[in-house]
1. How many nm is it between the label spots at A:Leu289 and A:Glu219, if each spot is 7 Å from the Cα in line with the beta carbon?
2. What figure, in Å² to the nearest 10, do you get for the accessible area of A:Glu401 with a 1.4 Å probe and non-protein molecules left out?
3. Hydropathy at least 0.5 by Kyte-Doolittle, axial extent at least 18 angstrom from the Cα trace: which helices of chain A, defined as entire DSSP H runs, fit?
4. Residues in the stretch A:61-79 near a label at A:Cys96, defined as backbone nitrogen under 17 Å from the 7 Å Cα→Cβ point?
5. Run the numbers on the stretch B:9-38: which residues show a drop of 50 Å² or more in accessible area, chain on its own versus all protein chains together, using a 1.4 Å probe over heavy atoms?
6. HN-Hα J couplings of the stretch A:250-260 from phi, Karplus 6.51/-1.76/1.60, θ = phi - 60°, integer Hz, Gly and Pro as x?
7. Return the FRET efficiency for the residue pair A:Gln269, A:Asp142: r is the Cβ-Cβ distance, R0 is 45 Å, and the value is rounded to the nearest 0.05.
8. Pull the list of chain A cysteines that no other Cys approaches to under 4.7 Å, Cβ to Cβ.
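The values are calculated or read from the model by the stated rules, or taken from the named source; none is laboratory data. For clarity, every value in this text was computed on a predicted model and none was experimentally measured. So basically every Cβ, Gly included, is an ideal-geometry build from the backbone, and we count neighbours across all protein chains shown. Heads up: the accessible areas ignore ligands, DNA and RNA and are worked out on the full protein's heavy atoms, side chains in. Shrake-Rupley method; radii C 1.70, N 1.55, O 1.52, S 1.80 Å.
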Amino acid sequence: MTSGILFIIGTYEIEMSGISMERCLNLCSKQGIVMWKLKPVENGYRFLIKRSCYKDLISVSKKTNTKIQTIGRHGLPFFFEKHKKRKSFFLGMTVCVLLIFLLSQFVWNITVTGVETYSKENILKFAEKGNYKIGTYKHSIDCNTLEEKIREQFKKIAWVSCSMTGTRLKIDIKETLDQNTTQNVKKPCDIVSNKTGVVTFLSIKNGTPLVRPGTKVKEGDTLISGLIYYYSDDFQKTQTDKIKADGTVYLKTKELYYENIPIVQYKKQYTNTRNQISNIKIGNLNISLPVKKKIFHTDILQTEKRLKLWGDFYLPISVVFQKQKEYKVKKETLKEIQGKSILKKRVVKYKKQLKQKGIRILGEKITYEYEKNNAEAKGYFVVEESVGKIRNIHPLTKKQEKYITPTTAQPK
Amino acid sequence: MNDIISDDFLVTLTGCQQILIENYKGIKSYDAGEICILGKKRRLTIYGEGLTIQYYSYETMKVIGTIRKLEYESGGNA
(Lines give C-alpha, C1' and ligand atoms only; values in the text may rest on other atoms or scores of the structure.)
Protein backbone atom coordinates (compact mmCIF):
# COMPACT_ATOMS: atom_id res chain seq x y z
CA MET A 1 0.00 0.00 0.00
CA THR A 2 2.72 2.44 1.07
CA SER A 3 4.84 1.47 -1.94
CA GLY A 4 1.87 2.23 -4.21
CA ILE A 5 1.35 5.68 -2.71
CA LEU A 6 5.08 6.42 -2.92
CA PHE A 7 5.04 5.37 -6.57
CA ILE A 8 2.16 7.76 -7.32
CA ILE A 9 3.57 10.79 -5.47
CA GLY A 10 7.18 10.19 -6.63
CA THR A 11 10.22 9.78 -4.39
CA TYR A 12 13.89 10.65 -4.32
CA GLU A 13 16.31 7.98 -3.12
CA ILE A 14 18.91 9.77 -1.02
CA GLU A 15 22.26 8.69 0.37
CA MET A 16 23.48 10.77 3.30
CA SER A 17 27.05 10.93 4.61
CA GLY A 18 28.99 13.20 6.94
CA ILE A 19 29.69 13.72 10.63
CA SER A 20 26.36 14.75 12.18
CA MET A 21 23.97 12.63 10.17
CA GLU A 22 21.66 11.77 13.11
CA ARG A 23 21.25 15.51 13.80
CA CYS A 24 20.30 16.01 10.18
CA LEU A 25 17.74 13.16 10.38
CA ASN A 26 16.19 14.61 13.55
CA LEU A 27 16.04 18.11 12.05
CA CYS A 28 14.42 16.70 8.93
CA SER A 29 11.74 14.99 11.00
CA LYS A 30 11.11 18.26 12.87
CA GLN A 31 10.73 20.07 9.53
CA GLY A 32 7.98 17.61 8.62
CA ILE A 33 10.05 15.53 6.22
CA VAL A 34 9.03 11.87 6.43
CA MET A 35 11.78 9.36 5.62
CA TRP A 36 10.87 5.91 4.32
CA LYS A 37 12.98 2.76 4.21
CA LEU A 38 15.75 4.35 6.24
CA LYS A 39 18.67 1.94 6.45
CA PRO A 40 22.36 2.19 7.23
CA VAL A 41 24.87 1.80 4.39
CA GLU A 42 28.66 1.81 4.32
CA ASN A 43 29.27 5.56 4.80
CA GLY A 44 25.94 6.78 6.10
CA TYR A 45 22.22 6.24 5.57
CA ARG A 46 20.00 5.63 2.59
CA PHE A 47 16.30 6.56 2.51
CA LEU A 48 13.38 7.73 0.41
CA ILE A 49 11.72 11.13 0.68
CA LYS A 50 8.76 12.73 -1.03
CA ARG A 51 9.48 14.70 -4.18
CA SER A 52 8.10 17.89 -2.62
CA CYS A 53 10.45 17.67 0.43
CA TYR A 54 13.68 17.67 -1.55
CA LYS A 55 14.34 21.42 -1.21
CA ASP A 56 13.81 21.34 2.58
CA LEU A 57 16.25 18.43 2.85
CA ILE A 58 18.94 20.38 0.95
CA SER A 59 18.61 23.37 3.32
CA VAL A 60 18.79 21.11 6.41
CA SER A 61 21.85 19.29 5.03
CA LYS A 62 23.63 22.63 4.44
CA LYS A 63 22.88 23.64 8.01
CA THR A 64 24.24 20.40 9.48
CA ASN A 65 27.09 20.10 7.03
CA THR A 66 26.12 16.68 5.74
CA LYS A 67 26.58 15.44 2.20
CA ILE A 68 23.44 14.55 0.26
CA GLN A 69 23.61 12.43 -2.86
CA THR A 70 20.62 11.56 -5.05
CA ILE A 71 20.83 7.87 -5.95
CA GLY A 72 17.59 7.57 -7.87
CA ARG A 73 14.25 9.10 -8.72
CA HIS A 74 11.24 6.82 -8.64
CA GLY A 75 7.54 7.12 -9.34
CA LEU A 76 5.04 8.41 -11.85
CA PRO A 77 5.88 12.18 -11.75
CA PHE A 78 9.47 11.43 -12.80
CA PHE A 79 8.27 9.02 -15.47
CA PHE A 80 6.04 11.71 -16.95
CA GLU A 81 8.80 14.28 -16.70
CA LYS A 82 11.23 11.99 -18.51
CA HIS A 83 8.80 11.22 -21.31
CA LYS A 84 7.03 14.59 -21.58
CA LYS A 85 8.12 15.00 -25.20
CA ARG A 86 6.41 11.75 -26.21
CA LYS A 87 2.91 13.21 -26.44
CA SER A 88 1.55 10.56 -28.81
CA PHE A 89 2.70 7.80 -26.44
CA PHE A 90 0.75 9.31 -23.55
CA LEU A 91 -2.21 9.93 -25.83
CA GLY A 92 -2.15 6.28 -26.88
CA MET A 93 -1.85 5.14 -23.29
CA THR A 94 -4.79 7.31 -22.21
CA VAL A 95 -6.90 6.12 -25.13
CA CYS A 96 -5.99 2.51 -24.25
CA VAL A 97 -7.00 2.95 -20.60
CA LEU A 98 -10.23 4.70 -21.63
CA LEU A 99 -10.96 1.96 -24.16
CA ILE A 100 -10.46 -0.77 -21.57
CA PHE A 101 -12.68 1.14 -19.16
CA LEU A 102 -15.31 1.63 -21.85
CA LEU A 103 -15.22 -2.02 -22.90
CA SER A 104 -15.52 -3.13 -19.29
CA GLN A 105 -18.92 -1.40 -19.08
CA PHE A 106 -20.60 -3.84 -21.45
CA VAL A 107 -21.52 -7.52 -21.38
CA TRP A 108 -19.28 -9.51 -23.70
CA ASN A 109 -20.06 -13.03 -22.61
CA ILE A 110 -23.15 -14.85 -21.36
CA THR A 111 -22.75 -18.31 -19.86
CA VAL A 112 -25.48 -20.75 -18.93
CA THR A 113 -24.68 -23.65 -16.61
CA GLY A 114 -26.68 -26.47 -15.10
CA VAL A 115 -29.30 -27.01 -17.80
CA GLU A 116 -30.48 -30.55 -18.54
CA THR A 117 -34.04 -30.51 -19.93
CA TYR A 118 -33.68 -27.15 -21.63
CA SER A 119 -30.88 -26.25 -24.01
CA LYS A 120 -28.42 -23.45 -23.41
CA GLU A 121 -29.46 -21.90 -26.72
CA ASN A 122 -33.09 -21.69 -25.55
CA ILE A 123 -32.10 -19.85 -22.39
CA LEU A 124 -29.75 -17.54 -24.31
CA LYS A 125 -32.44 -16.77 -26.91
CA PHE A 126 -34.89 -15.96 -24.13
CA ALA A 127 -32.33 -13.71 -22.44
CA GLU A 128 -31.66 -11.96 -25.75
CA LYS A 129 -35.37 -11.32 -26.28
CA GLY A 130 -35.50 -9.57 -22.93
CA ASN A 131 -32.58 -7.31 -23.94
CA TYR A 132 -29.99 -9.28 -22.03
CA LYS A 133 -27.68 -9.72 -24.99
CA ILE A 134 -24.00 -9.34 -25.77
CA GLY A 135 -23.05 -5.67 -25.99
CA THR A 136 -25.64 -4.50 -23.44
CA TYR A 137 -24.56 -1.82 -20.97
CA LYS A 138 -23.87 -3.91 -17.87
CA HIS A 139 -25.28 -1.44 -15.35
CA SER A 140 -28.67 -1.63 -17.07
CA ILE A 141 -28.87 -5.36 -16.35
CA ASP A 142 -31.18 -6.26 -13.51
CA CYS A 143 -30.26 -9.79 -12.43
CA ASN A 144 -33.31 -10.13 -10.16
CA THR A 145 -35.72 -9.37 -13.00
CA LEU A 146 -33.92 -11.79 -15.30
CA GLU A 147 -34.11 -14.52 -12.62
CA GLU A 148 -37.83 -13.92 -12.23
CA LYS A 149 -38.45 -13.97 -15.97
CA ILE A 150 -36.52 -17.22 -16.42
CA ARG A 151 -38.42 -18.84 -13.55
CA GLU A 152 -41.74 -17.80 -15.09
CA GLN A 153 -40.88 -18.88 -18.62
CA PHE A 154 -39.18 -22.22 -17.90
CA LYS A 155 -41.45 -24.10 -15.53
CA LYS A 156 -39.08 -27.00 -14.86
CA ILE A 157 -36.35 -24.76 -13.47
CA ALA A 158 -36.28 -25.07 -9.70
CA TRP A 159 -33.53 -22.55 -8.94
CA VAL A 160 -31.84 -19.84 -10.95
CA SER A 161 -29.12 -17.36 -10.10
CA CYS A 162 -27.89 -14.57 -12.38
CA SER A 163 -24.78 -12.57 -11.61
CA MET A 164 -22.44 -10.14 -13.33
CA THR A 165 -18.74 -10.85 -12.92
CA GLY A 166 -16.46 -8.59 -14.92
CA THR A 167 -17.96 -8.46 -18.40
CA ARG A 168 -19.64 -11.86 -18.07
CA LEU A 169 -23.30 -12.49 -17.29
CA LYS A 170 -23.55 -15.85 -15.53
CA ILE A 171 -26.85 -17.71 -15.51
CA ASP A 172 -26.68 -20.67 -13.14
CA ILE A 173 -29.62 -23.02 -13.25
CA LYS A 174 -30.74 -26.05 -11.26
CA GLU A 175 -33.60 -28.19 -12.40
CA THR A 176 -33.56 -30.31 -9.25
CA LEU A 177 -33.04 -28.85 -5.80
CA ASP A 178 -30.45 -30.39 -3.53
CA GLN A 179 -29.65 -29.71 0.09
CA ASN A 180 -26.69 -27.52 -0.79
CA THR A 181 -28.78 -25.11 -2.86
CA THR A 182 -29.37 -21.85 -1.07
CA GLN A 183 -32.26 -19.73 -2.23
CA ASN A 184 -31.14 -16.38 -3.56
CA VAL A 185 -34.44 -14.53 -3.84
CA LYS A 186 -34.69 -11.03 -2.48
CA LYS A 187 -38.47 -10.69 -2.51
CA PRO A 188 -41.10 -12.64 -0.53
CA CYS A 189 -42.00 -15.87 -2.32
CA ASP A 190 -43.80 -19.21 -2.14
CA ILE A 191 -42.26 -22.63 -2.70
CA VAL A 192 -44.28 -24.72 -5.12
CA SER A 193 -43.95 -28.29 -6.32
CA ASN A 194 -42.32 -28.99 -9.65
CA LYS A 195 -43.37 -32.67 -9.64
CA THR A 196 -46.46 -34.75 -8.96
CA GLY A 197 -46.28 -37.21 -6.08
CA VAL A 198 -46.74 -37.85 -2.37
CA VAL A 199 -44.97 -35.84 0.35
CA THR A 200 -42.64 -38.05 2.42
CA PHE A 201 -40.64 -35.51 4.42
CA LEU A 202 -41.06 -31.86 5.31
CA SER A 203 -38.69 -29.42 7.01
CA ILE A 204 -39.67 -25.74 7.18
CA LYS A 205 -37.21 -22.93 7.78
CA ASN A 206 -39.52 -20.01 6.92
CA GLY A 207 -43.16 -19.79 5.88
CA THR A 208 -46.44 -21.61 6.38
CA PRO A 209 -46.53 -25.30 5.39
CA LEU A 210 -49.59 -26.23 3.33
CA VAL A 211 -48.82 -29.95 3.10
CA ARG A 212 -47.85 -32.72 5.50
CA PRO A 213 -46.24 -36.14 4.98
CA GLY A 214 -48.70 -38.26 3.05
CA THR A 215 -50.33 -35.35 1.15
CA LYS A 216 -50.71 -35.92 -2.58
CA VAL A 217 -49.47 -32.91 -4.56
CA LYS A 218 -49.61 -31.97 -8.21
CA GLU A 219 -47.12 -29.94 -10.21
CA GLY A 220 -47.60 -26.24 -9.35
CA ASP A 221 -49.24 -26.84 -5.95
CA THR A 222 -47.98 -24.57 -3.14
CA LEU A 223 -45.89 -26.51 -0.61
CA ILE A 224 -44.72 -23.69 1.64
CA SER A 225 -46.50 -20.35 1.52
CA GLY A 226 -44.70 -17.06 2.09
CA LEU A 227 -47.82 -15.66 3.74
CA ILE A 228 -47.86 -15.61 7.52
CA TYR A 229 -51.26 -15.23 9.20
CA TYR A 230 -51.61 -13.89 12.72
CA TYR A 231 -54.67 -14.89 14.74
CA SER A 232 -56.35 -13.43 17.78
CA ASP A 233 -57.37 -15.55 20.78
CA ASP A 234 -60.74 -16.24 19.19
CA PHE A 235 -59.00 -17.49 15.99
CA GLN A 236 -59.80 -14.44 13.91
CA LYS A 237 -57.19 -13.37 11.37
CA THR A 238 -55.70 -10.07 12.57
CA GLN A 239 -52.65 -9.50 10.39
CA THR A 240 -50.88 -10.94 7.32
CA ASP A 241 -47.16 -10.78 6.60
CA LYS A 242 -45.16 -11.70 3.53
CA ILE A 243 -41.79 -13.46 3.88
CA LYS A 244 -39.38 -15.54 1.82
CA ALA A 245 -40.56 -19.15 2.16
CA ASP A 246 -37.72 -21.63 2.67
CA GLY A 247 -37.49 -25.29 3.54
CA THR A 248 -36.97 -28.83 2.27
CA VAL A 249 -39.74 -31.03 0.91
CA TYR A 250 -39.22 -34.62 -0.27
CA LEU A 251 -41.70 -36.21 -2.63
CA LYS A 252 -42.24 -39.82 -3.67
CA THR A 253 -42.68 -39.68 -7.42
CA LYS A 254 -42.94 -41.98 -10.39
CA GLU A 255 -40.28 -41.40 -13.07
CA LEU A 256 -41.21 -42.91 -16.42
CA TYR A 257 -38.37 -44.47 -18.36
CA TYR A 258 -38.19 -45.22 -22.06
CA GLU A 259 -35.18 -46.01 -24.19
CA ASN A 260 -34.93 -47.60 -27.58
CA ILE A 261 -32.09 -48.43 -29.89
CA PRO A 262 -32.25 -49.48 -33.55
CA ILE A 263 -31.10 -53.03 -34.21
CA VAL A 264 -29.27 -52.05 -37.38
CA GLN A 265 -26.55 -49.63 -36.40
CA TYR A 266 -24.01 -47.73 -38.37
CA LYS A 267 -20.78 -47.18 -36.50
CA LYS A 268 -18.19 -44.58 -37.27
CA GLN A 269 -14.53 -45.52 -37.54
CA TYR A 270 -12.47 -42.36 -37.47
CA THR A 271 -9.53 -42.30 -39.85
CA ASN A 272 -8.15 -38.77 -39.94
CA THR A 273 -8.47 -35.60 -37.81
CA ARG A 274 -7.65 -32.06 -38.87
CA ASN A 275 -7.62 -28.92 -36.68
CA GLN A 276 -7.72 -25.38 -38.02
CA ILE A 277 -8.99 -21.85 -37.30
CA SER A 278 -12.10 -21.25 -39.42
CA ASN A 279 -13.46 -17.85 -38.30
CA ILE A 280 -12.54 -14.76 -36.35
CA LYS A 281 -15.44 -12.79 -34.88
CA ILE A 282 -15.09 -9.14 -33.89
CA GLY A 283 -18.39 -7.95 -32.48
CA ASN A 284 -20.96 -8.68 -35.23
CA LEU A 285 -18.27 -8.88 -37.91
CA ASN A 286 -17.49 -12.46 -38.93
CA ILE A 287 -14.26 -13.02 -40.84
CA SER A 288 -14.15 -16.45 -42.49
CA LEU A 289 -10.73 -17.88 -43.12
CA PRO A 290 -10.09 -20.31 -46.00
CA VAL A 291 -10.59 -23.89 -44.76
CA LYS A 292 -10.16 -27.18 -46.56
CA LYS A 293 -13.40 -28.34 -48.14
CA LYS A 294 -15.52 -30.85 -46.31
CA ILE A 295 -14.98 -34.38 -47.51
CA PHE A 296 -17.84 -36.89 -47.59
CA HIS A 297 -18.29 -38.68 -44.20
CA THR A 298 -16.72 -36.01 -42.04
CA ASP A 299 -17.73 -34.81 -38.59
CA ILE A 300 -17.17 -31.11 -38.05
CA LEU A 301 -16.78 -29.84 -34.51
CA GLN A 302 -16.60 -26.11 -34.00
CA THR A 303 -15.53 -24.53 -30.74
CA GLU A 304 -15.58 -20.81 -30.13
CA LYS A 305 -13.04 -19.33 -27.78
CA ARG A 306 -13.68 -15.81 -26.54
CA LEU A 307 -10.57 -13.78 -25.85
CA LYS A 308 -10.17 -12.20 -22.44
CA LEU A 309 -7.72 -9.83 -20.83
CA TRP A 310 -7.87 -11.41 -17.37
CA GLY A 311 -10.34 -13.18 -15.08
CA ASP A 312 -13.84 -12.45 -16.35
CA PHE A 313 -12.87 -9.46 -18.47
CA TYR A 314 -13.96 -10.77 -21.86
CA LEU A 315 -13.33 -8.90 -25.12
CA PRO A 316 -15.78 -8.82 -28.05
CA ILE A 317 -13.32 -10.89 -30.10
CA SER A 318 -13.51 -14.65 -30.53
CA VAL A 319 -11.70 -17.31 -32.53
CA VAL A 320 -13.57 -20.31 -33.96
CA PHE A 321 -11.60 -23.55 -34.12
CA GLN A 322 -12.78 -26.27 -36.47
CA LYS A 323 -12.02 -29.95 -36.08
CA GLN A 324 -12.69 -32.15 -39.10
CA LYS A 325 -12.88 -35.84 -38.32
CA GLU A 326 -13.07 -38.17 -41.30
CA TYR A 327 -14.70 -41.54 -40.79
CA LYS A 328 -15.74 -44.77 -42.48
CA VAL A 329 -19.20 -46.23 -41.88
CA LYS A 330 -19.54 -49.80 -40.71
CA LYS A 331 -22.94 -51.55 -40.62
CA GLU A 332 -23.72 -53.77 -37.62
CA THR A 333 -26.82 -55.76 -36.70
CA LEU A 334 -27.42 -56.25 -32.98
CA LYS A 335 -28.50 -59.62 -31.59
CA GLU A 336 -31.13 -59.80 -28.86
CA ILE A 337 -28.54 -60.35 -26.10
CA GLN A 338 -26.39 -57.47 -27.36
CA GLY A 339 -29.36 -55.11 -27.54
CA LYS A 340 -30.50 -56.05 -24.04
CA SER A 341 -26.99 -55.67 -22.68
CA ILE A 342 -26.67 -52.14 -24.16
CA LEU A 343 -30.06 -51.14 -22.75
CA LYS A 344 -29.21 -52.57 -19.32
CA LYS A 345 -26.00 -50.56 -19.27
CA ARG A 346 -28.00 -47.43 -20.08
CA VAL A 347 -30.43 -48.16 -17.27
CA VAL A 348 -27.50 -48.56 -14.81
CA LYS A 349 -26.05 -45.26 -16.08
CA TYR A 350 -29.42 -43.54 -15.66
CA LYS A 351 -29.71 -44.86 -12.08
CA LYS A 352 -26.21 -43.59 -11.35
CA GLN A 353 -27.18 -40.14 -12.67
CA LEU A 354 -30.25 -40.12 -10.42
CA LYS A 355 -28.13 -41.02 -7.38
CA GLN A 356 -25.63 -38.28 -8.24
CA LYS A 357 -28.49 -35.77 -8.18
CA GLY A 358 -29.36 -36.94 -4.67
CA ILE A 359 -32.46 -38.86 -5.78
CA ARG A 360 -33.18 -42.06 -3.84
CA ILE A 361 -34.55 -44.99 -5.87
CA LEU A 362 -37.26 -46.81 -3.92
CA GLY A 363 -38.33 -49.26 -6.60
CA GLU A 364 -38.25 -49.98 -10.32
CA LYS A 365 -40.05 -51.92 -13.00
CA ILE A 366 -38.27 -52.07 -16.35
CA THR A 367 -39.09 -54.52 -19.16
CA TYR A 368 -36.94 -55.23 -22.21
CA GLU A 369 -38.41 -55.99 -25.63
CA TYR A 370 -36.75 -57.02 -28.86
CA GLU A 371 -38.66 -56.29 -32.05
CA LYS A 372 -37.93 -56.31 -35.76
CA ASN A 373 -36.27 -52.94 -35.92
CA ASN A 374 -35.82 -51.83 -32.33
CA ALA A 375 -34.75 -53.01 -28.91
CA GLU A 376 -36.70 -51.22 -26.18
CA ALA A 377 -36.51 -50.71 -22.44
CA LYS A 378 -39.58 -49.23 -20.81
CA GLY A 379 -41.03 -48.95 -17.34
CA TYR A 380 -40.75 -46.64 -14.36
CA PHE A 381 -38.75 -45.85 -11.25
CA VAL A 382 -40.30 -44.97 -7.91
CA VAL A 383 -38.04 -42.30 -6.47
CA GLU A 384 -37.79 -39.97 -3.51
CA GLU A 385 -36.40 -36.55 -4.33
CA SER A 386 -36.18 -33.01 -3.05
CA VAL A 387 -38.68 -30.78 -4.87
CA GLY A 388 -39.73 -27.17 -4.84
CA LYS A 389 -39.22 -24.04 -6.84
CA ILE A 390 -39.72 -20.37 -6.14
CA ARG A 391 -42.80 -18.49 -7.28
CA ASN A 392 -44.19 -15.04 -6.48
CA ILE A 393 -46.62 -15.13 -3.58
CA HIS A 394 -50.14 -16.25 -4.51
CA PRO A 395 -53.08 -15.62 -2.15
CA LEU A 396 -54.29 -18.69 -0.26
CA THR A 397 -57.45 -20.45 -1.36
CA LYS A 398 -60.28 -20.87 1.14
CA LYS A 399 -59.35 -24.54 1.54
CA GLN A 400 -55.74 -23.61 2.32
CA GLU A 401 -56.82 -20.90 4.76
CA LYS A 402 -59.02 -23.43 6.54
CA TYR A 403 -56.07 -25.85 6.66
CA ILE A 404 -53.83 -23.39 8.52
CA THR A 405 -56.45 -21.85 10.82
CA PRO A 406 -55.83 -22.96 14.43
CA THR A 407 -58.65 -24.86 16.10
CA THR A 408 -59.43 -26.08 19.58
CA ALA A 409 -59.88 -29.61 18.26
CA GLN A 410 -57.41 -32.22 19.59
CA PRO A 411 -54.86 -33.39 17.02
CA LYS A 412 -55.65 -36.78 15.54
CA MET B 1 -2.90 9.32 28.06
CA ASN B 2 -0.41 8.46 30.79
CA ASP B 3 2.54 8.38 28.40
CA ILE B 4 1.86 11.92 27.12
CA ILE B 5 1.50 13.32 30.63
CA SER B 6 4.66 11.59 31.81
CA ASP B 7 6.56 12.42 28.57
CA ASP B 8 7.49 8.80 28.12
CA PHE B 9 7.83 6.53 25.09
CA LEU B 10 4.78 4.85 23.65
CA VAL B 11 5.96 1.51 22.28
CA THR B 12 3.87 -1.01 20.33
CA LEU B 13 5.68 -4.29 19.76
CA THR B 14 4.29 -6.83 17.29
CA GLY B 15 5.96 -10.19 17.85
CA CYS B 16 9.69 -9.71 17.44
CA GLN B 17 9.45 -8.39 13.88
CA GLN B 18 7.98 -4.93 14.21
CA ILE B 19 8.05 -2.07 16.68
CA LEU B 20 6.17 1.21 16.53
CA ILE B 21 7.51 4.07 18.66
CA GLU B 22 5.88 7.40 19.49
CA ASN B 23 6.64 10.28 21.82
CA TYR B 24 10.40 10.49 21.21
CA LYS B 25 12.88 13.32 20.60
CA GLY B 26 15.10 11.82 17.94
CA ILE B 27 17.63 9.21 16.91
CA LYS B 28 20.98 9.17 18.69
CA SER B 29 22.66 6.41 16.71
CA TYR B 30 21.60 3.84 14.19
CA ASP B 31 23.08 0.72 12.61
CA ALA B 32 21.66 -2.60 11.48
CA GLY B 33 22.14 -4.21 14.90
CA GLU B 34 21.31 -1.35 17.28
CA ILE B 35 19.11 1.75 17.27
CA CYS B 36 19.39 4.25 20.10
CA ILE B 37 16.38 6.56 20.43
CA LEU B 38 16.26 9.63 22.67
CA GLY B 39 13.21 10.30 24.76
CA LYS B 40 12.35 13.20 27.02
CA LYS B 41 13.26 11.33 30.21
CA ARG B 42 15.19 8.26 29.11
CA ARG B 43 16.89 6.51 26.24
CA LEU B 44 15.56 3.42 24.43
CA THR B 45 17.96 1.05 22.68
CA ILE B 46 16.68 -1.60 20.33
CA TYR B 47 19.02 -4.54 19.75
CA GLY B 48 18.46 -6.97 16.92
CA GLU B 49 19.43 -8.03 13.41
CA GLY B 50 18.72 -6.39 10.06
CA LEU B 51 16.97 -3.43 11.68
CA THR B 52 15.43 -1.01 9.18
CA ILE B 53 13.39 2.09 9.92
CA GLN B 54 10.41 1.70 7.63
CA TYR B 55 9.36 5.29 8.20
CA TYR B 56 10.59 8.06 10.41
CA SER B 57 8.56 11.21 11.03
CA TYR B 58 8.27 13.78 13.79
CA GLU B 59 5.62 11.75 15.61
CA THR B 60 6.06 8.11 14.74
CA MET B 61 8.73 5.68 13.66
CA LYS B 62 8.35 2.06 12.67
CA VAL B 63 11.26 -0.35 12.91
CA ILE B 64 11.24 -3.76 11.24
CA GLY B 65 13.74 -6.59 11.50
CA THR B 66 14.51 -9.23 14.10
CA ILE B 67 14.22 -7.57 17.51
CA ARG B 68 16.23 -9.29 20.25
CA LYS B 69 16.17 -6.84 23.17
CA LEU B 70 14.81 -3.46 24.29
CA GLU B 71 16.82 -1.53 26.88
CA TYR B 72 15.86 1.63 28.76
CA GLU B 73 18.46 3.93 30.26
CA SER B 74 17.77 7.05 32.25
CA GLY B 75 18.87 10.42 30.87
CA GLY B 76 16.99 11.01 27.67
CA ASN B 77 18.53 14.39 26.76
CA ALA B 78 22.03 13.02 27.00
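1. Each label point lies 7 Å from its Cα, and together they span 4.6 nm.
2. Counting only protein heavy atoms, the figure is 60 Å².
3. For chain A, where a helix must reach 18 Å along its axis and average at least 0.5, the hits are A:87-103.
4. Correct set: A:76, A:79.
5. B:Ile27, B:Tyr30
6. Per residue, the Karplus-derived 3J(HN,Hα) values read 9, 10, 8, 10, 10, 9, 6, 10, 9, 8, 9 Hz.
7. It comes out at approximately 0.30.
8. By the Cβ distance rule, which asks for a partner under 4.7 Å, the isolated cysteines are A:Cys24, A:Cys28, A:Cys53, A:Cys96, A:Cys189.
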